[in-house]
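Here the structure is laid out as structure tokens; the discussion comes afterwards.
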Amino acid sequence: MRRLRGRFGIAARRVAVRPHLPWHWRAVSIIALTGVSLALAGWIYDAGRQFAGFDRSVSDQESAALRERVSRLETELEAARRVANISDGQIQMATATQERLAAQIKTLEMENTRLKADLAMFENLADGPAGVEGPLLSQLQILPTGVQGAYRYRLLLAQTGGKRQQEFRGVLQLLGTVQRGKETAIIPLPLGEGSDGGLYKVSFRYFRRLEGSFSLDSGMRLERVEARLLQAGVVKASQHVVL
């Protein structure tokens with residue numbers, strides 16, 4: 001009796017009665033409950049952002065609009081850069097062309113001045129200076145080339161009077177007065193190819209223009225140049241310039 005009372009009486013242990021569910025149904029229930037909780041949390045989060053003035057869909061639209069605007073601005077910037085590069089190239093070409101034209105104009109102006117001087121000289125020769133007959137040397141020019149000790153020369157040879165029908169044959173000689181240190185000397189200037197010992201053979205009937213170049217040794221300073229036209233060792237005409 002005591003055993004029965006201890007097992008089924010007031011002093012007996014309490015027993016909990018629970019319904020029996022398989023474990024996989026329990027797992028499905030837990031997953032479903034978790035999903036509902038996450039969905040509810042997401043809805044509450046979006047609702048809170050909208051309530052605070054932040055709408056994700058609106059933000060995405062604005063971001064897309066900004067990206068489109070940035071892309072358009074980059075395209076316009078690239079086009080502007082291409083135009084700028086083309087403009088720079090055109091400016092450089094125009095500048096180079098302008099410089100070439102300026103150099104050509106300067107050359108033509110110098111040539112025009114020289115031709116005018118030649119024309120005036122030829123008109124005087126055609127009339128024949130009073131009391132002057134025979135070969136004439138004029139318009140002697142000595143021009144530095146920009147290189148140390150290098151010069152260019154120009155001169156005009158012509159015949160006047162009744163002997164213009166005969167061809168003149170002779171030699172041209174340039175004598176330079178140079179200074180080296182404290183010494184001064186007169187030396188024949190080399191006239192390049194066609195010259196022999198500083199003498200350049202020339203022949204003409206009416207007139208002839210001569211141009212050429214010569215160089216001095218290092219340390220020489222040119223002070224004066226005299227041009228002589230000789231025939232059979234006799235000076236027929238001369239002219240000098242002081243530098």
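The set of residues in region 165-176 being more than 43 Å from the chain's Cα centre (by Cα) and either modelled with pLDDT of 90 or more or outside any loop (DSSP other than H, G, I, E, B) (or both) consists of 165, 168, 169, 170, 171, 172, 173, 175.
Table: residues versus (1) modelled with pLDDT of 90 or more; (2) among the aliphatic types (A, V, I, L, M); (3) closer than 14 Å to residue 238 by Cβ; (4) under 49 Å from the mean Cα position of the chain (by Cα).
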{"residue": "113", "(1), (2), (3), (4)": "no, no, no, yes"}
{"residue": "123", "(1), (2), (3), (4)": "no, no, no, yes"}
{"residue": "130", "(1), (2), (3), (4)": "no, yes, no, no"}
{"residue": "145", "(1), (2), (3), (4)": "no, no, no, yes"}
{"residue": "149", "(1), (2), (3), (4)": "no, no, no, yes"}
{"residue": "156", "(1), (2), (3), (4)": "no, yes, yes, yes"}
{"residue": "163", "(1), (2), (3), (4)": "no, no, no, no"}
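Is there any pair with a first residue in region 96-117 that is within 21 Å of residue 140 (Cβ to Cβ) and a second that is surrounded by fewer than 10 Cβ atoms within 10 Å (Cβ to Cβ) whose Cβ atoms are under 6 Å apart and which are 6 or more apart or on different chains, and what are they? Listed pairs, sorted by first residue: none to list.
The values are calculated or read from the model by the stated rules, or taken from the named source; none is laboratory data. The shown structure was predicted, so the numbers you read here are calculated from the model rather than taken from an experiment. All Cβ positions, even for glycine, are placed from backbone atoms using ideal geometry, and neighbour counts span all protein chains on display.
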